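Step one of this worksheet: look at the structure below.
Each value in this text was obtained by applying a stated rule to the coordinates, not by laboratory testing. Since the structure is predicted, the reported quantities are computational estimates derived from the model, not experimental observations. Don't worry about glycine lacking a Cβ; one is built from the backbone with ideal geometry, like all the others, and counts go over all protein chains shown.
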Amino acid sequence: MKKYFYLFLFIWGCNLMHDRPKNIEEFIPENSSIIIKIHNLGKFKSDIKNNEVLNEIRSIKYNTKKQLELINNFNDETELLICISKNINEEVFTIITKDSVKEYDLFHKKIDKVNIYSNSSKNINEIQPRFNSEFKKYEKTFNSDDSFSLILDKELTKKFINSTFKTNYKNQENLLSFGVSIFNDKVLLNGLSFLDDSLKISNNIFKESISNSSELKNYEVIPKNAASIKSYNFSNQNNYLKNALIESEKENRFSKILNKNSIEITELNLDNEQIFIFRLDEIKLFEDYLIEKNTLSTKHRGFKIYNNQDLDINPFNSLANFNNKEKILLYNDYLVFSDYEQTLKQFINDNLNKSTLKSNSNFNKLLSSISSFNTLNNNYFSGSNYNFFKELNLLNTKNDFTENSFQLVQGNGIIHFNAIISKGKNVDDNLKLSKLFDVEIDEEIVMNPHFVKNHVTKKLDIVVQDAKNNLYLISKDGKVTWKKKIDQPILGKISQIDIYKNGRLQLVFNTKNKIYVLDRNGNNVKQFPKTFNDPITQPMAVFDYDNNKNYRLLITQGNELLMYDKNGKKVNGFKYKKSSNEITSKPKHFRILNKDLIVFKVGNKIKILNRKGRERININDDINFSNQNIFEYNNKLISTTADQKLVQIDVNGVVNLSSLKNLTLNSDGSNLVVLNENSIKLSSNIVSIPFANYGSPRLSNINGDLIITIYDNQNNKSYLFNKKLILDTSFPIYSLIPMEIGDMNSDKKVEIIISNKNKFISCYTIN
């Protein structure tokens, strides 16, 4: 009986395995040369659209026009695979996804809820579900935050690495996978390949040489006009020496000194000439050797140039085609080899004149992305004919990606491949305003973009909503981190809270019918969104009375106030007696002279409550308030009246009125800025601006500096002043929306967000 029971379980298990839903990777064609996995289609399309070069691609290989047209029809949250195969007579692509489209001009097949589209009927008919062990192995390294992931087959991997690094990979029998992150002006690649024992790079001189990192320094002396660079960086000289000598099978005093003391070796193309730079740990040893050989040729500006006589460089043929360069320059801690004395003299001139890569701001940005491991780096700059996308055999583009770095690191059975592929920009560091990026979103902006804190990077991100109610989170690099569909337009600005009191911040906001709380990845936090039957009529107020993260969420519904805790539960201790008129402003919390005040307007009157929703201060004066906000200044509540008077209310309910004309104001508690017609006043400072229709001035404290911004609604101009009301020389600046400011990169510089074209957000830094 027992054996029948086990037989039943076996059969049932087999049926279960047979009937389980298939994963899309099980349908990858066996002959795929390139596999592209798109984790989130909406994010992928946004990244492509906002890249300065990729959105201007002249042509795409593999007949991809139909392919791109098709994927545009899938849902933005779709996960899909694009597989590219090269048959004898045609280039075949296959799209695999669980989503479907109604219209398509391709061959189609559906297996167990998986849709397969291809330009080849033969290819699609041959596809059957199978377990792809190699893909699964590399899939574990994918990062869903990347724009997409990419796997190259063995043949293409070998071709790509050999052409990129101009080196000799022997017996390469492994795949190569990339995580690809697309930014506004650059593309970042983070790849790896699992090694077999048979794999050799440059005859394996880097084998087991990874230990302590070493700072890259040769870049400090490389002339600005270098077209391309190939560099080797070592942190374990002993292993390097051993591996190099094993390859060369010869050794002399010269090679011994270089091998023992070389920290970094660079090969560069300079004015169509190949030169080599060695950075040594103990330059004195080599200087003594040259003096002993008596090979001094000449001196230039205090530096010695030697003839290269009887010096056997053969051990370094494993690194590069050295060809026994005829001249050697001794420059500080560097040995520079060239065939021409004049080249070395110019090298000295460039360094003494500070005309090196170190003074190039574009290159310094590039260098910050380069890792300091035992590594082989290829760096291509302006003037290079190298085109990464053509080398990968994916795209035909004009070569606008001209400042690039490619890095290879070998160790622990893995090859790590990193690259930054960027578009060179003419940057003038003396300009007051430098553009960081433009971002195009899908529809027109409906919620003005503003900064939110990124608790991971400690920098600032941008949030914005478009006319189709999509909410975007944009990184400091101009990359759309995620896009999320919201039910309705967001009321007011987005706030941040720390629900779990662990330093991780959530976004909190409301629409007409819902309260949302989103985590860092755009996912709904448990208990949210919270839905309301009656409409919410004001932006939600978020209070943290005692700065202990016991948040209160205050909701306005017509003439009613409802208070919830951070978990979305109603706070029963808060009781507000409904007013006869509608609440007309967002409630605000102030603490004045140790008293908590919840302040808002009802009709054109003011209400001042305590924490429990009961009236704290009763204002009996007949005050017809304007639609301006209420602020705190010098322990008083301040606002304006409909007939253009400044109103001040103290904690005892005493009201003071002052007559002014065309008055708008703002205060941060200790500073009061007043705009009276075309005159701006802050403390004792007064300045005039052109007559126009201005919004309320805004105050920001950035790195201890007070900044005042004002927006001209009539002419779409933004002004920026310091605390002395001195106008920054780069302003006013044209913008369709009021300007947002902040220190986005934590570098003590002010970044601004504007929009000078529909659907576009532009970010600048003030140098």
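Taking 0.36 nm per residue of sequence separation and subtracting the Cα-Cα distance, how much length would be gained by fully extending the chain between Y545 and N678, in nm to one decimal?
44.1 nm
Extending 7 Å from the Cα toward the beta-carbon at both D650 and Q342 defines two label points whose distance is 8.6 nm.
For N627 and N225, the FRET efficiency from 1/(1 + (r/R0)^6), where r spans their Cβ atoms and R0 equals 56 Å, is about 0.35.
Take the Cα of K577, step 7 Å along the line toward its Cβ, and report every residue of the range 609-625 whose backbone nitrogen sits under 15 Å from that point. So the set is 609-610, 612-620. A simple count of charges around E287, restricted to other residues whose Cβ falls under 12 Å of its Cβ and scoring Lys, Arg +1 and Asp, Glu -1, yields -1.
A full extension of the chain between K354 and K501 corresponds to an added length of 47.9 nm, given 0.36 nm per residue minus the alpha carbon distance.
Measuring against 26 Å, Cα to Cα, the residue pairs K453/K566; K724/K757; K98/K757; K493/K526; K717/K749 contain K724/K757; K98/K757 as the ones spanning a longer distance. Counted by neighbouring Cβ atoms within 10 Å, the residues T729, T356, T641 run from fewest to most as T729, T641, T356. With the Cα gyration tensor of the range 431-555 giving a ≥ b ≥ c as the square roots of its eigenvalues, does the rule (a/c under 1.5 for rounded; else a/b larger than b/c for prolate; else oblate) give rounded, prolate or oblate? It is oblate, given that a/c is not under 1.5 and a/b is not larger than b/c.
If we sort 546-556, 292-302 on the protection proxy, mean other Cβ atoms within 10 Å, highest first, what's the order?
The peptides rank, most packed first, as 546-556, 292-302.
In this structure, S133 and Y289 have a Cβ-Cβ separation that, at R0 = 60 Å, corresponds to a calculated FRET efficiency of about 0.65. Report the normalised scattering of the range 262-301 as log10 I(q)/I(0) at q = 0.21, 0.26 Å⁻¹, calculated by the Debye formula with identical scatterers on the alpha carbons. Result of the Debye calculation: -0.90, -0.97. When you restrict to C-alpha pairs under 8 Å that are six or more residues apart and normalise by the size of the range 634-767, the relative contact order lands at 12 percent.
Would you tally the net charge around Y694, using a Cβ to Cβ cut-off of less than 15 Å, leaving Y694 out, and scoring K and R as +1, D and E as -1?
Working: positive: K661, K681, R698, K717; negative: E677, D712.
Around Y694, the surrounding residues sum to +2.
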